[in-house]
Amino acid sequence: MRDAFQRLYTPHRMAYIKGEGRTDESACPFCEIPGLSDEDGLVVARGTDVYAVLNLYPYNAGHLMVVPYRHVADYADLTPDEAVEMAFFMQKALRALRLASGAHGFNTGMNLGTIAGAGIAGHVHQHVVPRWGGDTNFMPVVGGTRVLPALLPDTRTLIAEAWQKIASDS
């Protein structure tokens, strides 16, 4: 039955849903990533209280997240410093993605709690998904496939370089 809802199909995320690659169910990837190199962790930028990282199972090319270093589940429980730096990182993420990819728009937001759709409910994070006019085409709709134009490490380098450029311009 047809309705007025548009749907975003992301079949590549099934690996995430099934838990592929997870070694320890109690481990928090957002707590582990800061201990990795930027390249291995797909970290775009690091701040004092938060960092920006590419989503390993992106909805779209350049999909990144802003994450506090501290393991905290609810945005309401962030310290003022964490909340402020998260807001500034969101601004920088938008600027860097516009520079790196010419994004026409963005979906941003948080899923707080499992019931709200958070895949990692124990560690708050904010998504930044770049969008372009016409970025939904026949591949995801008919072929059930999302085409990502670059490998994640290459995307990380491109966005990290743009992040550095916008940081030096301000």
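We did not get these values from a lab; they are worked out from the coordinates using the rules stated. None of these values were measured; they are calculated from a predicted model. Here Cβ is always computed from backbone atoms with ideal geometry, including for glycine, and neighbour counts include all displayed protein chains.
Pairs of Cα atoms nearer than 8 Å and 6+ residues apart set the relative contact order; for segment 28-142 it is 27 percent.
If we count every other residue with Cβ under 10 angstrom of Thr79's Cβ, Lys/Arg +1 and Asp/Glu -1, where does the sum land? Taking every other residue near Thr79 into account, the sum is -4. As a length-normalised measure over Cα pairs under 8 Å and 6 or more apart, the relative contact order of segment 80-129 settles at 32 percent. For segment 36-112, trypsin sites (Lys or Arg not before Pro) are listed when DSSP marks them as loop and at most 16 other Cβ atoms sit within 10 Å of their Cβ; the list is Arg70.
Using R0 = 35 Å, the C-beta based FRET efficiency linking Arg46 and Asn107 works out to 0.90.
Here segment 56-129 is treated as a Stokes sphere of Kirkwood radius computed over C-alpha pairs; at 20 °C and 1.002 mPa s its diffusion coefficient rounds to 166 µm²/s.
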